[in-house]
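Below: the structure, in structure tokens.
The values are calculated or read from the model by the stated rules, or taken from the named source; none is laboratory data. Predicted model only: the values in this text are computed from it and were never measured. Note: ideal-geometry Cβ built from the backbone for every residue, glycine included; neighbour counts use all protein chains shown. Accessible surface areas use protein heavy atoms only, side chains included; no ligands, DNA or RNA. Shrake-Rupley method; radii C 1.70, N 1.55, O 1.52, S 1.80 Å.
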Amino acid sequence: AMAAEQVWSWLAEPEHRALLTLWVEGYGRSLMDGEGPWAGFAASTVNDWLTYLAETQPPEVRDTETGLHERTLVLAVLRGAFLDLLATGDVDRTTGAVGAHLAALGRSPVRK
């Protein structure tokens, strides 16, 4: 949760909007053109983020199926919130949503 909070703090900074908009463009192009210059970018960036989030999980959770599911959910929430932020500019609402998710994650972790 702490790593996700730090990532969100960075994503929500106004000076990063242009870079994040470029990221969204590259991600979209990667999904639409498997042979072009963006080929593989979307999958690669998902793997990069999942690897980073895994490094922040406790060792006893990291290599479990539940650990993978938890970091996939965190990534999905962060990505969805920053796409929403880029579309609306509503920092308070998107930050609140990320915070609510992270608080719920901290209160009732599901471990396998």
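So the values come out like this:
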quantity	calculated
Dipole magnitude (debye, nearest 20) for the chain, charges at Cβ of Lys, Arg, Asp, Glu	300 debye
Calculated Rg and Dmax of the chain using C-alpha coordinates, Å	14.8, 44
Accessible-area composition of the chain, carbon plus sulfur, in percent [1.4 Å probe]	60 percent
Label point at Leu105 placed 7 Å out along Cα→Cβ; residues across the range 35-51 whose backbone nitrogen lies under 17 Å	46-51
By average C-beta atoms within 10 angstrom, highest first, the peptides 74-85, 5-16	74-85, 5-16
Probe 1.4 Å, protein heavy atoms only - accessible area per residue of the chain in square angstrom	61 Å²
Formal net charge of residues neighbouring Ala42 (Cβ-Cβ distance under 12 Å; K, R +1; D, E -1)	-1
